[in-house]
1. Relative to the compact globular guide of 2.2 N^0.38 Å, what is the alpha carbon radius of gyration of region 48-183, as a ratio?
2. Leaving out ligands and nucleic acids, and using a 1.4 Å probe, what accessible area per residue does the chain come to in Å²?
3. In terms of modelled amide H atoms, which long-range or inter-chain residues lie less than 5 Å from the amide H of Arg263?
4. Add +1 for every Lys or Arg and -1 for every Asp or Glu among the other residues with Cβ under 12 Å from the Cβ of Glu196, and state the total.
5. Taking amide H atoms as placed 1.01 Å from N in the peptide plane, list the residues 5 or more away in sequence, or in a different chain, whose amide H sits under 5 Å from that of Leu121.
6. Can you pull a Stokes-Einstein diffusion coefficient for the chain at 4 °C (1.567 mPa s), Rh from Kirkwood over Cα pairs, as a whole number of µm²/s?
7. Taking all protein chains in place and a 1.4 Å probe, what share, in percent, of the accessible surface of the chain do carbon and sulfur account for?
Amino acid sequence: MRVLASGQRPRNMRALIYDGALRVGVLPRAQPAEGDVLVRVRACAISRADLDIVRGRRAAEGHPAVLGHQFVGEVVEVAPPAHERWVGRRVIAQAHRGCGRCGACRSRRPSLCESEEPRALGLGRLDGAFAEWVCIPERCLVEVPPGVDDDEAVFAHPVAACLAGMRWIDGAPPQRVLVVGDGNLGLLLTLVLHSEGHTVSVLGRHPSRRDLLWRHGISFVGINENGDGRARLDGAFAAESFATVFECTGRGAGFELAASATRPRGRIVMLSRYDTEETFDLRLMVEREVEIIGLQGGVLDDALDYLARRRIDLLPLVQATLPLQDGAVAFEKAGQRGSLKVILRNAAESAPGVAS
Ligand SMILES: [Zn+2]
């Protein structure tokens, strides 16, 4: 890696800017504040949160904004008191800054910080990583081990959530579990649970997922698009119910499917963000004494350890990898029904691309 001294770096950087629409433009280069590091972004994946902001389903905190938090990059500069030892290291980062002091922050879950208003990278006020450079507080950094490629490291955030979800399964594998929803998160969760020895059934809408899952010996039941999902569920799982069901649709109907497949005193783990107001029938929760667990992430270090063990092949989960300058096209692709993960990549060398 060629590290440019601070004075040699371009004053500007190319970025995918969101100001109600997406456009590639030029912004002043990110400048690390006290305790921050400057990272040259290698790749950044489009997340559900990014898509929801662009679709107007989730408010960005400020405009113009650079989105993107599922990135991997190299540290090229530190602002004291951050430590020089980070320079040259390949990193990902917690999206939330947190206070760094409370119990949630100390257990590496700054998104649950108890003492500070959440400020998240790439969700508006803190510029994200769909750019050539991004500034990150040192305490949010996580080093990527050499065995994990860039295209794998950008999956660390959702993998962390999947691993956190898996901890709610009682008993050693193999346990029988149901995943409701075969969007990107449901699909990833299914492969993670399967890789750890659990017996997974998937209830989904995308017939294209069927082959991928069947190749792994995972049973897939299609939800009838126009029909009654519950009837379909009764037909498929009439004789069985599950102690642990994962709700990955982010829809009230998905939750109700999950509820009807959960056995008495079972547990529903909710991994999906709800981007619209949904109506839930909660009667079964009381009648069957079912426990509901909400989850919105996990510990990135755990995800990188898991990825370094090469338990799953993530390649089939990537729809496309495009250069940053094709950012708007990439978002269109990622927003298409049934799309898998879309990754934006910067040129390999630290060539700025933008005249200083
Ligand atoms: Zn905190």
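1. Values: Rg = 16.5 Å, N = 136, 2.2 N^0.38 = 14.2 Å.
This ratio for region 48-183 stands at 1.16.
2. Values: 15790 Å² over 356 residues.
The answer is 44 Å² per residue.
3. Phe242, Ala243
4. On the way: positive: Arg167, Arg309, Arg311; negative: none.
Its environment carries a net charge of +3.
5. His96, Arg97
6. Numbers: Rh = 21.1 Å.
Diffusion coefficient, whole number: 61 µm²/s.
7. On the way: 7650 of 15790 Å².
Reported share for carbon and sulfur atoms: 48 percent.
The values are calculated or read from the model by the stated rules, or taken from the named source; none is laboratory data. What you see is a predicted model; the values in this text were computed from it and never measured. Virtual Cβ from ideal backbone geometry, glycine too; neighbours counted across all protein chains shown. Note: areas computed on protein heavy atoms with side chains; ligands, DNA, RNA excluded. Shrake-Rupley method; radii C 1.70, N 1.55, O 1.52, S 1.80 Å.
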